[in-house]
Amino acid sequence: MEALKATGVCRKYGNQEVLKDFGLTLEAGEFVALMGPSGSGKSTFLHLAAGLLSVDAGSIVIGERDVVGMSDAAAARFRRRHVGVVFQQFNLLNEKTVKENVMMPLLLDGSGRTAELQRRAELLLRRLGLMGQEEKRPEQLSGGEQQRVALARALIAEPEIVLADEPTGNLDAKAAKEICKLLKELNAAEKSAILVVTHDPVVAACAKRVHFLKDGCIVASHETNGDPENVSKLYLETYR
Ligand SMILES: Nc1ncnc2c1ncn2[C@@H]1O[C@H](COP(=O)(O)OP(=O)(O)OP(=O)(O)O)[C@@H](O)[C@H]1O
Ligand SMILES: [Mg+2]
């Protein structure tokens with residue numbers, strides 16, 4: 001079963017067609033990068049897939065459910081269990097501890113602070129190098145550490161897919177590299193597929209495949225070979 005299958009997706013802002021018959025498939029557990037010039041519609045697609053924005057036409061199936069046509073409440077419920085989201089600006093709750101932030105999707109879902117949930121949060125925090133920080137507030141952490149908390153939160157429910165929009169956009173090169181390495185490790189250790197939107201060839205090269213967005217749809221898809229120079233070359237070929 002695919003982690004995500006988008007077909008015929010259209011989305012306009014006014015009379016500007018941002019996505020036009022857009023299609024994209026991620027197999028279960030697949031790690032994919034989405035690249036494209038500023039304004040090409042990358043964030044728009046992630047918001048549609050997360051059920052944070054509605055489509056004009058088409059379908060986006062995640063796991064077994066089409067997120068298109070869900071009410072806002074149903075989309076929020078679905079997201080907590082099936083979709084992890086990571087944004088450039090972390091979006092953590094400063095009045096909660098690090099560990100509470102990580103558990104939040106499932107706490108909101110009414111799961112309660114079970115021993116199992118606590119263990120899962122601790123396991124993820126350990127994997128992300130954040131042991132000993134669980135009781136701190138997010139604002140007491142560095143940007144790179146906060147983004148790792150956001151990653152742990154995105155993975156807590158073992159979602160079908162993690163959608164990450166420029167997760168390294170607010171980080172320096174060293175912290176960005178650390179996030180890339182962790183994305184790769186997590187993709188190998190966890191069941192979730194990852195779709196990462198990025199302008200950075202180094203980040204894109206962590207993914208197995210890269211898709212290029214132009215004029216509203218995917219115009220090219222390639223293996224990254226784990227090589228940022230290969231990604232840069234493919235980017236230039238696509239958009240020259
Ligand atoms: N709320 C909105 N209202 C009107 N137009 C919008 C809105 N959000 C996005 N757009 C337009 O849709 C287009 C695609 O925007 P989007 O944010 O998806 O691009 P992007 O590929 O993520 O760009 P970037 O790389 O700069 O983040 C842009 O032309 C943008 O101006
Ligand atoms: Mg964007």
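With the requirement that a residue be farther than 27 Å from Glu178 by Cβ and either open to solvent by less than 20 Å² (accessible area, probe 1.4 Å) or among the aromatic types (Phe, Trp, Tyr) (or both), what does the stretch 193-219 give you? Once the filter is applied, which keeps residues that are farther than 27 Å from Glu178 by Cβ and either open to solvent by less than 20 Å² (accessible area, probe 1.4 Å) or among the aromatic types (Phe, Trp, Tyr) (or both), the stretch 193-219 yields only Gly216. Take Leu92 and decide whether it is more than 14 Å from the chain's Cα centre (by Cα), modelled with pLDDT of 95 or more and under 22 Å from Gln147 (Cβ atoms). Yes; evaluated as a whole, the condition is true for this residue. When restricted to residues that are among the aromatic types (Phe, Trp, Tyr) and within 11 Å of ligand 2 (Cβ to nearest atom), the stretch 28-45 contains 1.
Filtering the stretch 211-221 for residues that are touching a helix residue (DSSP H, G or I) at 6+ places or on another chain (Cβ under 8 Å) and in a loop (DSSP other than H, G, I, E, B) leaves an empty set.
In the set Ala188, Ala176, Ala193, Ala207, only one residue is in contact with a Gly (Cβ under 6 Å, 6 or more places away or on another chain) and more than 16 Å from ligand 2 (Cβ to nearest atom); that residue is Ala193. Right, Asn170: within 16 Å of ligand 2 (Cβ to nearest atom) and surrounded by fewer than 21 Cβ atoms within 10 Å (Cβ to Cβ) or not? Yes, satisfied.
Do any strands (runs of 3 or more DSSP E) lying entirely in the stretch 1-108 carry at least 2 residues that are open to solvent by 20 Å² or more (accessible area, probe 1.4 Å) and in contact (Cβ under 8 Å) with a residue 12 or more places away in the chain, and which ones are they? Before you say what the answer is, go through the steps one by one.
On the way: elements: 2-13, 16-27, 31-35, 57-62, 83-86.
Here the list reads 2-13, 16-27, 57-62.
Comparison of Leu19, Leu24 shows that the only residue that is touching a helix residue (DSSP H, G or I) at 6+ places or on another chain (Cβ under 9 Å) and closer than 25 Å to Cys180 by Cα is Leu24. When only residues in the stretch 203-228 that are among the aliphatic types (A, V, I, L, M) and away from ligand 1 (no atom under 16 Å from the Cβ) count, which is nearest to the chain's Cα centre (by Cα)? Once the filter is applied, the top-ranked residue is Ala207. Note on the stretch 169-198: residues that are in contact (Cβ under 8 Å) with a residue 60 or more places away in the chain and either touching a Pro at 6+ places or on another chain (Cβ under 9 Å) or within 18 Å of Leu155 (Cβ to Cβ) (or both) total 12. Please verify whether Val67 is within 17 Å of the chain's Cα centre (by Cα) and within 16 Å of ligand 1 (Cβ to nearest atom), treating the condition exactly as stated. Judged against the criteria, Val67 is not a match. From the list Leu130, Leu123, Leu117, the lone residue that is open to solvent by 60 Å² or more (accessible area, probe 1.4 Å) and over 28 Å from Met35 (Cα atoms) is Leu123. How many residues are within 14 Å of ligand 1 (Cβ to nearest atom) and under 13 Å from the mean Cα position of the chain (by Cα) if we restrict to the stretch 8-43? Here the count works out to 4.
Condition first: under 20 Å from Arg77 (Cβ atoms), surrounded by fewer than 21 Cβ atoms within 10 Å (Cβ to Cβ) and among the basic types (Lys, Arg). Can you find one or more residues in the stretch 141-158 that meet it? No, the stretch 141-158 contains no residue that is under 20 Å from Arg77 (Cβ atoms), surrounded by fewer than 21 Cβ atoms within 10 Å (Cβ to Cβ) and among the basic types (Lys, Arg).
Every condition in (1) among the polar types (S, T, N, Q); (2) touching a residue at least 60 places away in the same chain (Cβ under 8 Å); (3) closer than 27 Å to Lys5 by Cβ holds for Asn230 except the one numbered (2).
The values are calculated or read from the model by the stated rules, or taken from the named source; none is laboratory data. Note that the structure is a prediction, hence the values are computed from the model and not measured. Note that we place each Cβ from the backbone using ideal geometry, even for glycine, and neighbour counts take in every protein chain shown. The accessibility values were calculated without ligands, DNA or RNA, using every heavy atom of the protein model including side chains. Shrake-Rupley method; radii C 1.70, N 1.55, O 1.52, S 1.80 Å.
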